[in-house]
Amino acid sequence: MDFDDSPDEAAYRARVRALLEEHAGELLHLAPGQEGVDARRHEPEMRRTQRVLADAGLVGVTWPREYGGQGGTLVQQAIVAQELARARVPGLINHIGIGMCGPTVIAHGSQDQRDRYLARLLRADDVWCQLFSEPASGSDLAALRTTAVRDGEDWVVNGQKVWTTLAHVADYGILLTRTDPDRPKHAGLTMFVVDMHAPGVTVRPLRQMGGQSDFNEVFFDDVRIPDGERLGEPGEGWRVALTTLMNERVAIGGAGGTIGLPVEAFVEHARERLPALDGDRQVLARQAVGRAVVASLAARYTGYRRLTVLSQGGIPGPEASAGKLAGTEAARLVADAGVRLLGDDAVYASTSDGDDRWQRTQSWLPGIAIAGGTDQVLRNILGERVLGLPPEPRSDKTDPFSGGRR
Amino acid sequence: MNFDLDTDQRDIAAGARDFFRGSASPAAARAGLEGDRLEPGRKALADIGFLGITVPEAAGGAGRSVLDLAVVAEQGGAVLAAPSLVTAARAAVLLADAPELAAQLADGSTAFAVLDGPVDGSAPSIDAADATLFLGLDGGDLVVGEGEVVPGRPLDATRGLASVRLTSRRVLAPDAQELWARARQVAAVVLAAEDLGGADRAVELGIAYAQEREAFGRRIGSYQAVKHMLVDAWAGVDQLRSLVWWAAWAADCAPAELPLASSAAKAYAAGAFERAAGTLIQVHGGIGFTWEHDAHLYWRRAKVDRLLLGDEAEHLDTVARLAVAGALG
Ligand SMILES: Cc1cc2nc3c(=O)[nH]c(=O)nc-3n(C[C@H](O)[C@H](O)[C@H](O)COP(=O)(O)OP(=O)(O)OC[C@H]3O[C@@H](n4cnc5c(N)ncnc54)[C@H](O)[C@@H]3O)c2cc1C
């Protein structure tokens with residue numbers, strides 16, 4: 001057991017650190033106390049930052065070299081993430097493209113699609129989004145209703161997607177549609193790459209409970225998609241989507257990445273705030289601080305265990321879902337304790353020193369327990385695929401989709 | 001980064017598992033509640049070398065790491081073995097400069113217990129019920145002596161709880177607070193390791209039953225209320241394993257991290273084991289509430305262990321204080 005970098009890892013980390021220093025002037029940096037940036041307001045700087053990082057070989061670390069990646073390991077990718085955080089460089093604007101869309105194109109796209117899209121995606125020349133969820137189908141993704149109908153060399157798409165993160169800045173999206181309503185719901189789906197600037201695509205921002213607008217609703221009115229933009233065969237969309245979802249699980253908390261604010265930032269906050277509380281309140285607050293720290297450390301070290309398995313050639317399995325569950329829970333305890341330490345300041349828009357990050361983080365976390373598989377859906381996956389418990393009985397796998405609805 | 005057991009430790013775990021499965025069991029823990037002998041007993045543990053794992057070779061031990069000991073302790077915890085390896089781990093630290101006593105610890109010829117509270121008989125300690133020589137902290141000094149043992153009516157017989165009033169004492173080391181604190185931290189790690197084993201086994205038994213038992217025409221494991229309860233218990237065990245390994249590693253390799261790591265592991269263990277044992281009973285329904293079923297034996301262990309060597313509140317407070325003081329690095 002050894003928490004230090006192996007010689008190879010240490011050399012890699014040193015290289016990453018040197019590259020980040022070399023390009024420091026061209027990268028966006030977070031101010032002290034700032035935890036993230038808004039893609040809506042900082043789109044140009046975020047695209048530029050990703051381009052610089054991509055050209056330095058720090059984006060798509062695990063992607064194959066032939067598609068512009070580095071052919072590296074998940075451990076190297078984790079090292080890059082750690083060093084970016086250390087250098088206070090905010091998350092990449094194209095994180096959905098890199099984490100979910102690109103790997104799907106690599107696995108199911110044609111050579112032509114890979115050539116056209118992947119290098120540009122890595123450099124944020126194009127930003128991507130994932131067009132899966134609909135008003136009537138979130139967890140039950142295969143119940144979606146957006147249709148694609150073949151018309152000569154094109155497909156014509158009609159319907160609505162919702163909660164689409166980054167659709168407002170995206171150039172492309174992967175779009176899951178229903179192409180055969182007479183087949184059972186999983187068998188009638190087809191995946192496409194859609195040009196978000198095509199005629200008939202309308203993006204409307206949705207405001208989240210915390211006030212920001214990271215996600216959107218997207219309307220498709222007779223949008224024409226050439227058949228060459230199909231990902232996988234017609235009717236094979238579910239299999240393609242599973243690739244996306246598998247990558248999503250790993251991208252969110254799969255290998256020990258922190259969800260929410262880092263525990264170190266929280267502890268700093270506690271250091272400032274605890275002494276101001278008196279008597280019993282301080283004792284109770286310390287319990288909450290202790291609980292948040294313990295949960296964060298447990299999630300972190302469990303991530304290290306997963307990373308070790310990956311570094312020995314293992315592949316991420318469904319237990320990645322446990323990482324997201326634990327990370328979400330730890331992040332909630334941290335944010336909750338962070339807010340409680342504020343005392344009266346917690347109920348105002350900002351604290352006396354103008355720092356409202358604990359309120360902001362707190363109001364962002366309910367979304368994390370929903371996005372990319374709700375806590376309940378993740379528990380189902382873990383219960384059935386890791387613990388081996390019996391699946392839920394269901395009736396929707398065999399009946400034709402159109403027969404079961406409307 | 002290599003945060004995993006090595007092949008050697010996996011072998012140790014497999015060997016320990018065989019030994020404990022063959023020599024201890026929840027059935028023995030149940031019999032212990034009616035006054036029977038606890039298994040596997042001190043002699044068997046000494047003979048297979050488990051009492052001397054961290055005792056130096058010069059003193060007749062194996063001179064191995066706390067992590068090795070934790071790996072073994074986990075297997076003992078899975079079958080509710082007694083006496084606890086916590087006592088051996090803690091005494092080995094305290095007896096570092098007393099090789100003769102350490103040798104008696106390792107070969108089982110003396111039955112040691114470490115008094116966690118005052119030496120005046122006012123607080124219970126693990127494995128004190130059948131011990132003959134006691135280590136304690138008295139006015140800041142580490143003392144060893146004989147004592148008057150008053151066993152209580154324990155919720156869990158496997159812990160050998162008794163209060164002890166020292167009747168003789170000899171100072172082994174003056175001003176020993178630091179050594180004492182370290183020994184207690186190591187003990188907390190090993191206790192958390194035993195809890196890990198117990199919790200893991202409880203979840204395993206719960207899963208097995210949920211796969212078989214039917215109600216309303218379905219296996220109960222297909223009901224989400226049951227499935228999610230088991231997943232949460234399993235996830236707690238998974239997280240606890242990480243904290244136990246980290247804390248045991250810190251005891252061996254990063255002493256500065258040990259105070260934080262041991263308290264984190266002990267605090268988390270309290271909740272994780274309690275949840276696992278509670279889930280085990282609930283998943284079993286009425287059977288889980290019977291004397292004959294093993295579930296209550298895990299539940300008893302969890303209820304007792306959460307209070308031993310400092311309860312959850314004490315350790316959460318320690319974690320908070322240490323973190324704020326800069327211990328997170
Ligand atoms: C911040 C954020 C960003 C998002 N970004 C994207 C994006 O970029 N692209 C995209 O396509 N989607 C995105 N989503 C949508 C997200 O994937 C869905 O919200 C999610 O899958 C849940 O679907 P739903 O909202 O329809 O809830 P529902 O599926 O209607 O669920 C409602 C409730 O029922 C529970 N439930 C549903 N099914 C089950 C079941 N089988 N067992 C137990 N409980 C169940 C759920 O846990 C939940 O509590 C985003 C969501 C959020 C919050």
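The values are calculated or read from the model by the stated rules, or taken from the named source; none is laboratory data. None of the values given here were measured: they were computed from a predicted structure. Note that we place each Cβ from the backbone using ideal geometry, even for glycine, and neighbour counts take in every protein chain shown. These area figures cover heavy atoms from the full protein model, side chains too; ligands, DNA and RNA do not enter into them. Shrake-Rupley method; radii C 1.70, N 1.55, O 1.52, S 1.80 Å.
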Enumeration of residues in the stretch B:110-144 that are without any contact (Cβ under 8 Å) to a residue 24 or more places away in the chain and polar (S, T, N, Q): B:T110, B:T132
Could you please find all residues in the stretch A:308-328 being of a type in the set (A, V, I, L, M, F, W, C) and more than 8 Å from chain B (Cβ to nearest Cβ)? A:L310, A:I315, A:A320
Given B:W291, B:W246, which one is more than 7 Å from chain A (Cβ to nearest Cβ) and either more than 16 Å from the ligand (Cβ to nearest atom) or of a type in the set (A, V, I, L, M, F, W, C) (or both)? B:W291
Count - residues of the stretch B:164-185 that are free of Cβ contacts under 8 Å to residues at least 60 places away in the same chain and open to solvent by 30 Å² or more (accessible area, probe 1.4 Å): 10
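How many residues does the stretch A:149-198 hold that are of a type outside the set (S, T, N, Q) and either more than 16 Å from the ligand (Cβ to nearest atom) or free of Cβ contacts under 8 Å to residues at least 40 places away in the same chain (or both)?
Of the residues in that region, 18 qualify.
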Please work out which one of (1) open to solvent by less than 10 Å² (accessible area, probe 1.4 Å); (2) more than 9 Å from chain A (Cβ to nearest Cβ) is the condition B:L240 fails and give its number. (2)
Of all residues making up the stretch A:264-308, the number that are of a type in the set (D, E, K, R), over 19 Å from B:L240 (Cα atoms) and buried (at least 19 other Cβ atoms within 10 Å of the Cβ): 2
Given (1) over 18 Å from B:R90 (Cα atoms); (2) at the interface with another protein chain (Cβ under 10 Å from one of its Cβ atoms); (3) of a type outside the set (S, T, Y); (4) open to solvent by 30 Å² or more (accessible area, probe 1.4 Å), index of the condition B:E274 fails: (2)
Looking at (1) at pLDDT 95 or above; (2) within 30 Å of B:N2 (Cα to Cα), which is the one condition that is false for A:L310? (1)
Among (1) open to solvent by 30 Å² or more (accessible area, probe 1.4 Å); (2) within 19 Å of B:R300 (Cβ to Cβ); (3) of a type outside the set (D, E), where does B:S84 come up short? (1)
Residue count, the stretch A:65-90, condition open to solvent by 20 Å² or more (accessible area, probe 1.4 Å) and farther than 22 Å from A:R306 by Cα, comes to 6
Those residues of the stretch B:305-324 which are within 7 Å of another protein chain (Cβ to nearest Cβ) and buried (at least 21 other Cβ atoms within 10 Å of the Cβ), in sequence order: B:L316, B:V319, B:A320, B:A323, B:V324
Is the stretch A:295-307 home to any residue that is modelled with pLDDT under 90 and within 7 Å of chain B (Cβ to nearest Cβ)? yes
Check the stretch A:52-61 and report whether any residue there is of a type outside the set (D, E, K, R), in contact with a helix residue (DSSP H, G or I) (Cβ under 8 Å, 6 or more places away or on another chain) and either open to solvent by 30 Å² or more (accessible area, probe 1.4 Å) or within 18 Å of A:V169 (Cα to Cα) (or both). no
Return the residue satisfying two criteria in turn: it lies in the stretch A:125-144 and is more than 10 Å from the ligand (Cβ to nearest atom) and touching an Asp or Glu at 6+ places or on another chain (Cβ under 6 Å), and of such residues it is farthest from the other protein chains (Cβ to nearest Cβ). A:D126
